[in-house]
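None of the figures in this text is laboratory data; all of them are computed from the coordinates on show. Keep in mind the model is a prediction, meaning the values are calculated, not measured. Here the Cβ positions follow ideal geometry from the backbone for every residue, glycine too, while neighbour counts run over all protein chains shown.
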Amino acid sequence: MQIEQRLPVEFLEAMERLLGDEYREFLDSYDLPRRNGLRVNRLKVGAGEFEEHAPFALERIPWTDNGYYVDWREMPARHPYYNAGVYYLQEPSAMAPAQILPVQPGDRVLDLCAAPGGKATELGARLDGRGLLVANEISSARARALLRNIEVFGIRNALVTNESPARLAERFPAYFDKVLVDAPCSGEGMFRKDPDVVKAWYPEKVNECAAVQREIILQAADMLRPGGYMVYSTCTFAPEENELILLHLLQNREEMELVPIPCEGGRESFRPAYTLHRLQECGFAAQPNDRTDAGFSHEPVAEYSDPDLSMAVRIWPHHCGGEGHFTALLRKKDGNGVPGQTSMTEPLSLRAERKDRKREEAGKVPGKASGRKGAAGRKGKERQSQGAAGLSKTELGYVREFLERFLPGMDLDTDLLENHNGRLYLSPEGTAGIRGLTFLRNGLYLGDLKKNRFEPAQELAMALEAGAQGEARISLSPEDARTAQYLHGESIRIDDDRDNGWYLVCVDGYPLGWGKLAGGQLKNKLLLSWRN
Ligand code: SAM
C-alpha cells in the first residue's frame, strides 16, 4: 500500500504545509529500513572498552558518545549482557535528549515523565553515583517498568516516584539543577516504527497533548533552580507540541531562555526547529493579534518578539538514521525570583543537606555503596527515617561483614540506613527530608535481616561495581552453558576449592545476581521475576 494510504490524511496535510519542498523526501523515508540502537551503560563499561569486546557489530550514532546502531538480527536482547544491564536498547533519535542535558556528577536531576526509563537510565549513569536522580512517572503501571530499568542499570542514587507533575512542583520549588521533560505527545515521529501509534492518532490528539504539555513545561520550569538547565523533548512533528510549547513557556516564564544545543555530533543530522515567523507563514501559528484559528493551532499567538526558536532541533527520519524527535535546551537565568514560590518555606531536604554538610565537614566520607536503592512493593508508603535503623550492634555486624566481602574497604554510613521490618535500604544522600510522595523506590535495597544473618537483595547485586575482581565473585563467560542455566534459575556446578557461602555471579565481570555455594553446587538466588 502507498504510504499516503497508510497515514491519516490530516497528518499528511500538516506535514506537507510544514515541509514544503522536502515533503516527498520525508514520505519516501517511510519505505527505508528502520535503524535500531543500543546505548552503553557508562556505569558498567566505557564506550571504548565496550567497542573492543562487543558481541555485535557496532556503528556509532553520531549525536551520542555511547550509542550505536545495531542489527536486531544479532538479538542483543537475548545476550546475557542485557540481563546484566550493560546496555539499553533504544531508538537512536530518542538518545538525543539525555545526551544534550549537561548532567554532571553531584547534580540533582529530575526526569519528569520517565517511564520506561530510556532517558532516565542515561541521566542516572551520567551522575556516576553522586547527586540525585528523581525518576518520576504518572502512570503506576509504567512506573514499574521504569523501576526495573533503574535497578538493572545499577543506579544507586535514584528515587522512583509515581506522582503528577503538579504535585512534584508543589514539593520541589527551584530544587533541581537539571530537568528533563520528555513529554507525553501524539507520537507522530513513531509512525514509521509502530503502526499502533498511527491507529491511536486522531487530529484532536495534537491539541489535547499540547494542553497537557503547556501545563507540564511550566511546572518543570518552576522546579529548576536559577542557573539550571532543562531539556524539553517530544517524539512528534506537530509544531503545536514543539515550538509553540516553547513559546508558551517563554511567554509565561521570563526567566527561562533557549540556549544552543551543545552537540557537535548532531551537526549533520539535526535540523533547526522552525521560527515563529515560518510557523506563521505556513499557518501553524496565528499572526500577532490574529484571533482566528489557523490549521491545528487553537492558540492565537500574542504579540511577541520572535525568540530564536530555531535553537531547538528537529530530528527527521529523512535526514538521519533515526525516527522523528524534537529537542530543546533551556536555561533558567541566574538571579531571578522563582515564580510559583509564594512562601518563604525552605526547599525540601535542606535540613538533610545541612546534616550531610556537617558530616562532610567532620571528614566523614559516605560509604561507597551510598546512593541508590530499590523497593518494589513499597508503593504508597512514605519514607520513615529511623536514624541508625534501629539495628543492634550484632545485626549491624552481619550487614557490615557481608558488604565488606563485596565492597572491600567501604564505610557503611549508618545515617543513611533505613530499616523497614528487617528490609534494609540505603538512602541517597540529602534525601531524608523528602516525604509524603508515592515512592516505588526511595533508596538502594540492600537486603533482608533474618535471624542471625543477612540476605542480599538483587538490587544490591546490580549496583555493585562491574569488572571488580575478588574471591567473592564467580565470573562466567557468555558462552559458558552455566550462564544460561543461571539465568534460567537453575543451580550450577562450581568445581573449584571455594568456601561455602554467598557469591556474586557475573558474566564477564558484570554482576547478574546472587548464588549460595554448598559443596560445589551453587544454589540459584536470582529472583523469579529476573529469570529468563
Ligand atoms: N522518557 C521516557 C523514556 O525515555 O523512556 C518516555 C516518556 S513518554 C514519551 C511520556 C510519558 O509521560 C509516558 O510514560 C506517560 O505515561 C507520561 N504521561 C502521560 N500523561 C502525563 C501527564 N499528564 N503528566 C506527566 N506525564 C504524563
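Miscellaneous remarks
- Nearest-0.05 FRET efficiency for Ile3 and Ala484, computed from C-beta distance (R0 60 Å): 0.90
- Extension gain, Gln251 to Asp308: 0.36 nm times the residue separation minus the Cα-Cα distance gives 19.2 nm.
- Cα gyration tensor, the stretch 401-523 - rounded (a/c under 1.5), prolate or oblate: prolate
- Nearest 10 degrees, 0 to 90: helix 350-361 Cα axis against the chain principal axis: 50
- Take every Cα pair under 8 Å whose residues are at least 6 apart in sequence, average their separation, divide by the length of the chain, and the relative contact order is 14 percent.
- Global geometry of the stretch 54-202, whether rounded, prolate or oblate, following the gyration tensor of its Cα atoms and the 1.5 cut on a/c: oblate
- Adding -39500 (n - 2.57) for every DSSP H run of four residues or longer, then dividing by how many residues the chain holds, sets the calculated 222 nm ellipticity at -8000 deg cm²/dmol.
- Taking label positions 7 Å along the Cα-Cβ direction at both Glu16 and Arg400, the computed distance is 7.5 nm, reported to one decimal.
- Added length on full extension, which subtracts the Cα-Cα distance from 0.36 nm per residue, Ala468 to Lys516: 15.4 nm
- Across the options Gln5, Ser392, Gly489, the greatest Cα extent toward the positive end of the charge dipole of the chain (unit charges at beta carbon of Lys, Arg, Asp, Glu) belongs to Ser392.
- Relative contact order [Cα under 8 Å, 6+ residues apart], the stretch 92-236, whole percent: 27
- Förster radius 35 Å - calculated FRET efficiency between Glu51 and Asp448, Cβ distance, rounded to 0.05: 0.35
- Computed from Cα atoms, the angle from the helix 393-406 axis to the main principal axis of the chain rounds to 70 degrees.
- Extension gain, Ser392-Asp411: 0.36 nm per intervening residue step, less the Cα-Cα distance, totals 5.1 nm.
- Shape category assigned to the chain from the gyration tensor of Cα positions, a/c cut at 1.5: oblate
- Pairwise centroid distance, computed over Cα atoms, of the stretch 155-183 with the stretch 434-471, Å: 23
- In order along the stretch 208-215, the Karplus-derived 3J(HN,Hα) couplings, from 6.51 cos²θ - 1.76 cosθ + 1.60 at θ = phi - 60°, round to 4, 5, 4, 4, 5, 4, 4, 6 Hz, and Gly and Pro are given as x.
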